[in-house]
Structures are given as structure tokens and as C-alpha cells.
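Just so you know, all these numbers are worked out from the coordinates, no wet-lab data involved. Given the structure is predicted, the values throughout are model-derived calculations rather than measurements. Neighbour counts run over all protein chains shown; Cβ positions are idealised from the backbone, glycine included.
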Amino acid sequence: MTPLTEPDPHSISNGVIDGDSSRETFRVWREKLMRSHSVQALERMQERIRSFSPGDRALLFALAILVGIASLSGLYALEQSLLVEVPAYGGSLSEGEVGSPQFINPLLAISDADRDLSSLVYAGLMGLSGSGDLVPVLAESYAQSPDGKTYTFTLRKNAVFSDGTPVTADDVVFTVTKAQNAALKSPRYADWSGVNVQALDSHTVRFSLSKPYAPFLGLTTLGILPSRLWKNVSNEEFPFSNLETNPVGAGPFNVASVSRDASGLIKSVQLVENSRYVLGRPYLDSIRFDFYSRSEDLASALAGGAEESAYDVSMKGALTAPYARVFGVFFNPSEKQVFARAEVRKALSLALDRQDLIETVLGGYATPIMGPVPPGENVKQALIPQSGNPTAAAAAVLQSAGWSYDGSARVWKNAAAKQTLDRITIRTSNVPELKSVASAVKADWEKLGVHVDIELYEPGDLSQNVIRPRKYEALLYGMVIGRDQDLYAFWDSQERNDPGLNIALYANKTVDALLESARGSADEPTRKANLQKIEDIVAADYPAAFIYSPDFTYTVPEDLKGVVLPQIITPADRFATVATWYRETDAVWPFFVK
């Protein structure tokens, strides 16, 4: 072995290496010294191992391998404990739904299937977050005038349709003016009637209202159509355009294929991710919708694994969210005069065992109510009666108002008013849930001694021939309340006749003023206070026997993550966060997480 020598002492002065060459010499000498010690140690170890017996050497090698494996396993476990799981692109979802879509078009969508697909393919200026708040989507920002009558939106510069063409203010103007065209017969016509829309430049659009309307911002979730593709399509041709099933939108997904049955009904729609979506490519690669004619068939497909997700099919582990709907029996004093008496309406309401009905008929998926506002954070609900005997409580209300019960004739009589209460006919929709609820109401009212007949109608027939002409004594029905909780159409006295939705024919001047103030005020505390007063006053007047606000149920596979449900107005609201749903994941170091 070559002996090591120290650096030349003549190159060192005052304890410091003199010059670059001297420092390099010292570094090389130090490295040689360290290598020499390492080599010597290795040679001694090898010599020691050679002195072992063959059995000892085998044992040593085995132990070394085990130590190596343990070390690597420990390092791997440490790494895994430090890594963070994040969503990754990929995966698909198959969803079943009852019904069949006709229009994948936000201006013509009339069914839940239409609205579901339209909400995924198209995007609006604003959209819905998982918390239920409105957030900008195609819009970058918006400004509201102090008087609440003007809204100005600025579009995102990178907002494009799925074919790559930019979304402009002209597209917004076209979509809104088309909705306002009475000849198109759009379900969104009433929303936009009287709103003036103007493009200030290619990326700025202004809406002008004749008077303040607090819920206006929610209207701007309307999906925007590309005007260059639709502007030459007449109103008559609109529903039949091939763009209905080959739509070009700016939403998170695109339509890849549509399959129909022998009769021409759409049976399946395949959606694929839109990589150009302005808020970022969705994590899921695709969603397939399969459509069923009966809820029983859908439930079987979901239970058997043919479908992975579905709403309003109660399965173990289903997600739930509050539905912004109120169901009850609405009284019509014009058809049955005895309903003009407050004590009669109150007694019939108190006679209902709401909690028992919810448990036995609705499987517990509902909240009992006594007033017109669906449960939520904004309003304190009218108290539910806690009487252990609803029938006795109801009878006491009638008796205290001068009514007596003739058991032999099975009739309640008020001699002073010369009125009787002996029979009520409930009309409702021929759907399983309402049929069962009607039967429960019938049982409770007959315990009070009032005979009940139930008449069932197909939904279209009920709307056209019963509700619109107000041909019912008592109507079991559900009101769909908007996210803004604007109750004007349901309870203002001017809405008592068709096409108004005041199906209880309710009239109260105080409530009228509160309704007008609530929808016109931009001040949230004022709106909340007005809404609370409306809840309290209407509940105390008993214009209906309010029964329940249902829960929205949504069954999804266990490995589908990121699903957050806001308060549900229409089932399409379940897709509020669909762009961030995921089934695939990656593991990354924390500092790589955005």
C-alpha cells in the first residue's frame, strides 16, 4: 500500500494553506486518508468473515438480508405515512334514473332527466357550490347597483364551449332573449320576463330590472347556448334540432353517444369529460346514464349492481340532503265552505300524527313541518304539536269552538253556524309516495270521525284539470320552494287564480306586504326577518295541513369521493360538485399538494 505523506510544511504559513494549489493538495491528501481507513476496515471485516465456519457465514448473510428488508420496509412505511392522498384523473360512473330525456337544452328542459343532462353539458354565468352558495362559473365577477336593479357580469377570458369557440356576451344575450320569446314556450320564460339584457362588449353583459328582485342572481345559473349554432334555428325547429342530442355547451361534460329503444325513446346517454371546462377538467372520465320506465326496475338494477348510483332510491348508506319542498293537504274554501272556518282547518292539521307518518310511510327520510317554509338555517320552524293523542287534541279544538260529534251519524255539527263536517275528498297525484301519504292522512282523519275519499290522477291530468281550475276540496300536493325561498307565487293573494300557485286560495294583506318586501330587499337580515314573520303568520292561519319536507336521498358507490350535496331544489342540484368527484387517487408529498 502506498504510504501517505503529509502536505509540504513549506506551503503552510501561520496555520493557513497558502494559495489555491496548496488547498487542493490538502483536500486530496484528506480524501486519500479517509479512503485508506475505509479500505482497511473492509479488509479486516472480510478477514473476520473468512474465519467463520460455513454455517456461521450463511447465518450472517441471512441476518444481513433480513436487516436490509426490514430497513427498506421501514423506509417504505415512513414514506407512506408522510404521503398525502389526492384525487387523480380517471374512472367512470354508471347512474340509473326513472324517465327519459327529450331535450338536452337548458331552455327546453322540462323533466328531471332533461335538467340533469343539461346541467352537466351546459354552464351558466353562476353555478352552485356544495354549500348551496352561488359562485361564478362562466363569469369572472359581477357587480350589483346600489338600487338592486342592475347586474353587470364580466366573463372569464378563458371560457370556451366544448368545441373550443369562446363564450361571449353575445351568447348570453342570445340565450336570455330566446328564453323571453313567448313563441319558444320555454319553461324559463317567466323567470326572464321583463329583464333587459345588453352586451356592453364581448366580455361584459348587463341585466336591468324594472324593480329590485333579490332572487335574481339565482336565475343566472341558466346554461348558455352558443349563438352561432342556434341563431338560425327557428322556434318551431328548436325542439327538433340535432343539437338537442349533440349539444355544444360549456359545462364539465360532453355528450359522447345516445342510444334509443325501438320506439325512439332515449335509453342511455354516455357523457365524457370536457377538458376545456373553465373551472378545470373533471376528475371522472365519463358518466353513463341509463333510463328506466319504473322505479321498481331501477331499484332492482341498483341492488343487483347493474347501476352504481341513483337518487330517490333508498339504500343503506345513501347520502341525504334537505329537499326545498313542503308537502301538505291544501284546503279550498271555495269548493267546501266549512274550510273557511279556522278551527276546522286547525283541527284537521292537529289530527295528523306527522312523526308516525314519516316513519311508517317515508322510512324516516323527511322532517315534520307546520308552516310554509322548508327547514333550513334561515327560519325557525313553527312548533310541531307534542300531544300524545292527536285525535283528542283535534277534537278539543272543535268542541271549544261550538262543534259536537254525532256518533250515530258520524258527523261533526256546529248548530250555531248551521254547518257540518262529515266527509272530505282528497285529490292527489297517482304516484306511490303520495298514494301512501294520502292513506295515512285518511286514517288519521277518520279517527277524528271524518270520512275521507281519495281520488288519484295522473300528474298531467291533475295539473290541467284539477289544480289549474281549482277543482278540489282538499289537495295533497308538494310545493317546490326555490333556494332563495321566494314564497310570493304560493301565498300572495294575487296568485290565487291560474296561473298563480296559491292553491290554498290564501289571502292576508300583512303577508302580501311581507312577501313583496322579502323579494325586493337586497338586505339579507331584512329578508330573513320577513320570511320568519311569513312562516309564523301562515302557520297560525292553517290554510293547509302542512305535513313534511322530504329528504333527498342519493345512493353512490363507496369509492366515489368528493360528493357534497347542497340543499336540493331539483335533483340536478346533486351535480353541484360533480367536477371534483373522483374514484382514482395518487399519493404525493405534502409540498406538492395545491
In region 309-328, anything outside any strand (DSSP E or B) and of a type in the set (S, T, N, Q) is listed as 314
Kindly evaluate residue 357 against the criterion of being assigned to a helix (DSSP H, G or I), touching an Asp or Glu at 6+ places or on another chain (Cβ under 7 Å) and touching a residue at least 24 places away in the same chain (Cβ under 8 Å). no
Filtered residues of region 401-449 (kept if more than 18 Å from residue 340 (Cβ to Cβ), hydroxyl-bearing (Ser, Thr, Tyr) and in contact with a helix residue (DSSP H, G or I) (Cβ under 9 Å, 6 or more places away or on another chain)): 404, 405, 428, 429, 436, 439
Considering only residues that are within 26 Å of the chain's Cα centre (by Cα) and not small (Gly, Ala, Ser), which ones fall in region 318-353? 319, 320, 322, 323, 325, 326, 327
Quick check: is even one residue across region 400-422 in contact (Cβ under 8 Å) with a residue 40 or more places away in the chain, crowded, with 16+ Cβ neighbours inside 10 Å and farther than 23 Å from residue 334 by Cα? yes
Go through region 428-451 and report how many residues are touching a Lys or Arg at 6+ places or on another chain (Cβ under 8 Å) and at negative phi. 3
Selected residue [surrounded by 14 or more Cβ atoms within 10 Å (Cβ to Cβ) and under 29 Å from residue 394 (Cα atoms)] from 515, 456: 456
Strands (runs of 3 or more DSSP E) completely within region 81-169 that count 3 or more residues being more than 20 Å from the chain's Cα centre (by Cα): 84-88, 139-144, 150-155
So is residue 225 touching a strand residue (DSSP E or B) at 6+ places or on another chain (Cβ under 9 Å) and either closer than 20 Å to residue 247 by Cβ or in a helix (DSSP H, G or I) (or both) or not? no
Members of region 228-249 that are touching a residue at least 40 places away in the same chain (Cβ under 8 Å), within 28 Å of the chain's Cα centre (by Cα) and part of a loop (DSSP other than H, G, I, E, B): 245, 247, 248, 249
Report yes if some residue within region 570-586 is closer than 30 Å to residue 351 by Cα and either free of Cβ contacts under 8 Å to residues at least 24 places away in the same chain or surrounded by 21 or more Cβ atoms within 10 Å (Cβ to Cβ) (or both); otherwise report no. no
